[in-house]
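Some notes on the structure that comes next.
The values are calculated or read from the model by the stated rules, or taken from the named source; none is laboratory data. These numbers come from a predicted model, not from an experiment. Cβ sites come from the backbone with ideal geometry, for glycine too, and all protein chains shown count toward neighbours.
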Amino acid sequence: MVNVFLERLKCLFVNLFLGITFATAILFCVSCTEKNKIEGLTVEYTENYICVDTKEPRFGWRMKSDNNSRCIFQTAYQIEVIDEDGNNVWNSGKIESDQSQNIIYNGETLLPKTRYDWTVTV
């Protein structure tokens, strides 16, 4: 009878420990993702670009955490390029990749003397 009680008590403590550990891990990861941001957006390896003279420019970015956490990483990205009239000229769709540099443009032909804006979601 005592052995059954001790086994049940042991099982209760193991489950309680695992539950607290799992909840702590989730809270830790959520707190990391809330403070992440993208910085250092580049086109052809330049942050302050004025003109790009290539048909297939390369994009890049960096992820940064406000609290210098080491738990952040990228698992996917999506790039959108919009012309000066607001038309979407390229949407990469969701790409499962940790790559964040040297992403080659693969959309409509870019026109000369035209302003394009781009965004990335990771």
query = In the stretch 91-121, how many residues are in contact (Cβ under 8 Å) with a residue 40 or more places away in the chain and hydroxyl-bearing (Ser, Thr, Tyr)?
reply = 5
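Does ASP98 qualify as being of a type in the set (D, E, K, R) and either more than 14 Å from THR121 (Cα to Cα) or crowded, with 16+ Cβ neighbours inside 10 Å (or both)? Reasoning before the result, please.
On the way: of a type in the set (D, E, K, R): yes; either more than 14 Å from THR121 (Cα to Cα) or crowded, with 16+ Cβ neighbours inside 10 Å (or both): no.
Answer is no for this residue.
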inquiry  = What pairs come out if I take residues in the stretch 77-90 that are within 15 Å of ASN106 (Cβ to Cβ) and pair them with residues that are polar (S, T, N, Q) whose C-beta lies under 6 Å away, six or more apart or interchain?
reply    = GLN78/SER92; GLN78/THR121; ILE79/SER92; GLU80/ASN91; GLU80/THR119
inquiry  = I'd like to know if the stretch 68-84 contains one or more residues that are modelled with pLDDT under 70, out of contact with any Cys (no Cβ under 8 Å at 6 or more places or on another chain) and exposed (fewer than 10 other Cβ atoms within 10 Å of the Cβ).
reply    = yes
key: In the stretch 83-114, the residues that are farther than 22 Å from ILE38 by Cα and either within 15 Å of the chain's Cα centre (by Cα) or among the charged types (D, E, K, R) (or both)   = GLU84, ASP85, GLU108, LYS113
